[in-house]
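Trainee: Pasting in a structure now, in structure tokens, and then I'll have a few things to ask.
The values are calculated or read from the model by the stated rules, or taken from the named source; none is laboratory data. As the structure is a prediction and not an experimental result, all values here were calculated from the model. Here Cβ is always computed from backbone atoms with ideal geometry, including for glycine, and neighbour counts include all displayed protein chains.
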Amino acid sequence: MTSTRLSGVVEEHINAVNASDINAVVETFADDALVNDNRREIVGVAAIRRWLEKEIIGDSVRIEVREVVAHYSTTIVRGAYDGTFDKTNLPAELILTSYFNVVEGKIVSLMIIFNQPSPY
């Protein structure tokens with residue numbers, strides 16, 4: 001099902017990122033969560049906090065949700081990302097796809113991917 005409505009911990013996560021609330025963002029993750037951002041694996045809430053401090057909150061990242069897709073146990077969020085990060089060689093509008101897997105109300109994995117159009 002496709003929409004632009006968020007819910008649950010994924011909504012809490014996006015809202016906390018957009019509010020630059022590091023503690024609220026960290027609270028959305030399970031202690032042993034895995035994040036893959038730009039082909040880098042970040043494992044465990046302590047490492048995730050350091051990544052958030054530097055690259056998400058530190059770069060004032062904001063996510064404008066464009067599409068939400070429920071796909072089995074994964075919530076897929078496509079959004080326009082902006083912030084103070086280095087935009088060299090990035091498109092004027094950066095659309096990233098985030099794949100959230102949630103267990104018992106906590107994010108256990110988050111994959112953030114700069115997808116390319118498929119010929120299929």
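Trainee: Please determine, by comparing only the residues of segment 43-69 that are in a strand (DSSP E or B) and among the charged types (D, E, K, R), which one is farthest from S3 (Cα to Cα).
Mentor: Here is the first cut: in segment 43-69, the residues in a strand (DSSP E or B) are 43, 62-69.
If we keep only those that are among the charged types (D, E, K, R) as well, we get 62, 64, 66-67.
Details: R62: 19, E64: 14, R66: 9, E67: 6 Å.
If we take residues in segment 43-69 being in a strand (DSSP E or B) and among the charged types (D, E, K, R), then R62 is farthest from S3 (Cα to Cα).
Trainee: In segment 70-83, how many are in a strand (DSSP E or B) and more than 14 Å from S98 (Cβ to Cβ)?
Mentor: First, the residues of segment 70-83 that are in a strand (DSSP E or B): 70-71, 74-82.
Going one step further and asking which of them are more than 14 Å from S98 (Cβ to Cβ), we end up with 82.
Number satisfying all stated conditions: 1.
Trainee: Specify which of the listed residues (E64, E104, E41) is within 14 Å of the chain's Cα centre (by Cα) and under 20 Å from A16 (Cα atoms).
Mentor: E64
Trainee: Is it the case that some residue within segment 20-28 is closer than 22 Å to T97 by Cβ, touching a strand residue (DSSP E or B) at 6+ places or on another chain (Cβ under 9 Å), buried (at least 17 other Cβ atoms within 10 Å of the Cβ) and aliphatic (A, V, I, L, M)?
Mentor: No, there is no match, as no residue in segment 20-28 is closer than 22 Å to T97 by Cβ, touching a strand residue (DSSP E or B) at 6+ places or on another chain (Cβ under 9 Å), buried (at least 17 other Cβ atoms within 10 Å of the Cβ) and aliphatic (A, V, I, L, M).
Trainee: So, one more: Scan segment 75-95 for residues that are touching a Phe, Trp or Tyr at 6+ places or on another chain (Cβ under 6 Å) and either under 21 Å from A24 (Cα atoms) or buried (at least 17 other Cβ atoms within 10 Å of the Cβ) (or both) and jot them down.
Mentor: Going residue by residue through segment 75-95, those that are touching a Phe, Trp or Tyr at 6+ places or on another chain (Cβ under 6 Å) are 75-76, 94.
Result: T75, I76.
Trainee: Given (1) closer than 16 Å to I107 by Cα; (2) in contact (Cβ under 8 Å) with a residue 40 or more places away in the chain; (3) over 11 Å from the mean Cα position of the chain (by Cα), identify the lone condition not met by D31.
Mentor: D31 satisfies every listed condition except (2).
Trainee: Can you tell me which residue in segment 42-76 is nearest to N15 (Cα to Cα), limited to those that are hydroxyl-bearing (S, T, Y) and at pLDDT below 95?
Mentor: Applying the first criterion (hydroxyl-bearing (S, T, Y)) to segment 42-76 yields 60, 72-75.
From what is left, the residues that are at pLDDT below 95 are 72-73.
Values: Y72: 23, S73: 21 Å.
The extreme case among them is S73.
Trainee: Can you tell me which residue is nearest to V43 (Cα to Cα) among those in segment 84-120 that are among the hydrophobic types (A, V, I, L, M, F, W, C) and part of a loop (DSSP other than H, G, I, E, B)? Walk me through it before giving the result.
Mentor: Of all residues in segment 84-120, those among the hydrophobic types (A, V, I, L, M, F, W, C) come to 85, 90, 92, 94-96, 100, 102-103, 107-108, 110-114.
Narrowing the set further to residues that are part of a loop (DSSP other than H, G, I, E, B) leaves 85, 90, 92, 114.
Details: F85: 22, L90: 26, A92: 30, F114: 20 Å.
Ranking the candidates gives F114 first.
Trainee: Okay, next question. If I go through segment 1-28 residue by residue, how many of them are touching a residue at least 24 places away in the same chain (Cβ under 8 Å), more than 16 Å from D59 (Cβ to Cβ) and not in a helix (DSSP H, G or I)?
Mentor: So the answer is 7.
Trainee: Okay, moving on. What is the residue count in segment 96-120 for residues that are farther than 22 Å from V25 by Cβ and touching a residue at least 12 places away in the same chain (Cβ under 8 Å)? Outline the logic, then answer.
Mentor: Taking segment 96-120 as the starting set, the residues that turn out to be farther than 22 Å from V25 by Cβ are 115-120.
Remaining after also requiring touching a residue at least 12 places away in the same chain (Cβ under 8 Å): 115.
Residues in segment 96-120 being farther than 22 Å from V25 by Cβ and touching a residue at least 12 places away in the same chain (Cβ under 8 Å): 1 in total.
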